[in-house]
Structures are given as structure tokens and as C-alpha cells.
Amino acid sequence: MENDMHGAALVERVIAKVREDGWEAADMPDLDEEPVPLAPEAIDALRMPGGRPLPPSLRRWLAFDSRLPVDLGWYEEPSAPALAGRSLSETTEEMYGFGPGEEGWAAMFGEFEALLPGRGFPLVGGSDSRRLLYVGEPDSAGEYPVLVTDTDDLPYVAVMYPGLDVYLADEAGLLDLDFDTYTGLMDHPVYGGRMREHAELTRLGTEGLEIQDLYFPDAGADTD
């Protein structure tokens, strides 16, 4: 792996870029105030849901600023973080804000929970689509995948980024990434290997799954 293209080293580059230029993505929370670093001992004591370790990307970001997760709705107080997360149906309901008559959408995303029983943390980006950090199994870099959900036709879920590290770098405009499709990084020369790890670990495959693929897998996306 290129050392500065993954994990904490990539987030170090993100921090430098954001300090200088701010976020390139308009929907990311501004860094108008001074960053609020989380103390090393507090970071060491933190765990992801299920007692899993923090990914290197999040450890480095929290050492720089603990307010971004508050802005994203992960916890309420920078001084007292608690990374509980929510189920996929609860996370999508929070992200989309399903209104009257839309209750079925959360229930349909709940159908994916047999496949994806881990906890989710909302991220910004998209309109019919939303992104979330999914805490299942980490990849070889110790990172958890960023999933995309979509409501344009039928509920759809796929691996979009191999980790919070690459997601943050993209939001900062640090990387020139091609997203002709949500899963466009599967063949990326740097990130393709990690993407395919998550495609297998999540069982979402390299093209993601629509809800009917849960019941008729042979008619759906590639799950190799």
C-alpha cells in the first residue's frame, strides 16, 4: 500500500488540506472554530460498536478535532464521545428523514439487516442517495466501509468507499476519484483491493444489492 494513501497518513493530508482550504464539498460542516482535539487517553478508551477498535482514520481525525462527529450526529458532546451507532434501518431513517407515508422505506432497508447486522453512522452527501460508515468487519488497513444507500427506485445498498479515510479525502477534494457508478472504485488502482475486501466481507458484492436481490440473488448484482 502507498503509505500516504490510506488510513491515518491519508487523513493527515486531509487535515492539512482542510486547514488551508476548508472542505471542497459544500455539505460538509464548516471548520469555523478552532478544532477541539480529543485527548489521547480518551481516544484509547473509545471503541466502535461491538467492542471493535477505532479505524486509524477516525483515531487521527479525533486527535485533530472531536466536533465533526457531533455535527454528523454520532454523539452529542465532544468531551464525552460514545460511539453506539444505529441499525441500518434507524440510520437511513435518520439520514433521509422519512415523512408521513414513507415509513415503509426504513422497514425495507431493515430487510438488509440480516446481511448487514452491524451499526451505522451517518455521513453527508447525496440526495436520493446517502452515505454511512458501516461497522462490520475491518479491511486489511483496519478501516470500515462507507456504504451508499439509494431510494431512487428500489432500496439499494453498496460499498462506495473503502473507509472513512478515502471518504474524507474525497470530501476535501484531495483525490481525483471517478464515480460513473456508486461502486466505481472497485477497479481503482489504489483502492480497488480494499473495495473488493469489503464487497466480500459485507456480502454486497462488487455492484451492490437492491432489495429483491436479497430474495432472488441469481437475478441481482455480482456477489463474487
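Tabulated data for the structure shown
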quantity	calculated
Given (1) in contact with a Leu (Cβ under 7 Å, 6 or more places away or on another chain); (2) open to solvent by 40 Å² or more (accessible area, probe 1.4 Å); (3) not in a loop (DSSP other than H, G, I, E, B), index of the condition Glu137 fails	(3)
Ala42 being part of a helix (DSSP H, G or I) and within 18 Å of the chain's Cα centre (by Cα)	no
In the stretch 206-218, residue least open to solvent (accessible area, probe 1.4 Å) [restricted to those that are at pLDDT 95 or above and part of a loop (DSSP other than H, G, I, E, B)]	Gly208
Pro53, sole failed condition from (1) in contact with a Leu (Cβ under 8 Å, 6 or more places away or on another chain); (2) assigned to a loop (DSSP other than H, G, I, E, B)	(1)
Pick from the stretch 140-155, criterion within 11 Å of Glu210 (Cβ to Cβ) and acidic (Asp, Glu), ranking: modelled with the lowest pLDDT	Asp153
Output for the stretch 1-39, where each listed residue is closer than 13 Å to Arg67 by Cβ and either open to solvent by less than 40 Å² (accessible area, probe 1.4 Å) or in contact (Cβ under 8 Å) with a residue 12 or more places away in the chain (or both)	Val18, Met28, Pro29, Leu31, Glu33, Pro35, Val36, Pro37, Leu38
Selection from the stretch 179-205 of residues that are open to solvent by 30 Å² or more (accessible area, probe 1.4 Å) and either under 21 Å from Leu58 (Cα atoms) or part of a loop (DSSP other than H, G, I, E, B) (or both)	Phe179, Asp180, Thr181, Tyr182, His188, Pro189, Val190, Gly193, Glu197, Leu201, Arg203
Qualifying position, being touching a strand residue (DSSP E or B) at 6+ places or on another chain (Cβ under 9 Å), open to solvent by 10 Å² or more (accessible area, probe 1.4 Å) and either assigned to a loop (DSSP other than H, G, I, E, B) or at pLDDT 95 or above (or both), among Asp176, Asp170	Asp170
For Pro56: the one exception among (1) at pLDDT 95 or above; (2) open to solvent by less than 20 Å² (accessible area, probe 1.4 Å)	(2)
Of all residues making up the stretch 140-154, the number that are assigned to a loop (DSSP other than H, G, I, E, B), in contact (Cβ under 8 Å) with a residue 60 or more places away in the chain and open to solvent by less than 10 Å² (accessible area, probe 1.4 Å)	2
Qualifying residue in the stretch 130-151 (condition: over 21 Å from Gly85 (Cβ atoms) and out of contact with any helix residue (DSSP H, G or I) (no Cβ under 8 Å at 6 or more places or on another chain))	no
Hits in the stretch 87-111 - residues which are within 30 Å of Glu12 (Cα to Cα) and surrounded by 19 or more Cβ atoms within 10 Å (Cβ to Cβ)	Leu88, Thr91, Thr92, Met95
Output for the stretch 119-130, where each listed residue is without any contact (Cβ under 8 Å) to a residue 40 or more places away in the chain and either crowded, with 22+ Cβ neighbours inside 10 Å or over 20 Å from Pro69 (Cβ atoms) (or both)	Gly120, Ser127, Asp128
Some residue of the stretch 96-105 being touching an Asp or Glu at 6+ places or on another chain (Cβ under 6 Å), within 28 Å of Tyr215 (Cβ to Cβ) and not polar (S, T, N, Q)	no
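The values are calculated or read from the model by the stated rules, or taken from the named source; none is laboratory data. Since this is a predicted model, take the numbers as computed values, not measurements. Note that we place each Cβ from the backbone using ideal geometry, even for glycine, and neighbour counts take in every protein chain shown. Accessible surface is based on the protein model in full, side chains and every heavy atom, while ligands, DNA and RNA are left aside. Shrake-Rupley method; radii C 1.70, N 1.55, O 1.52, S 1.80 Å.
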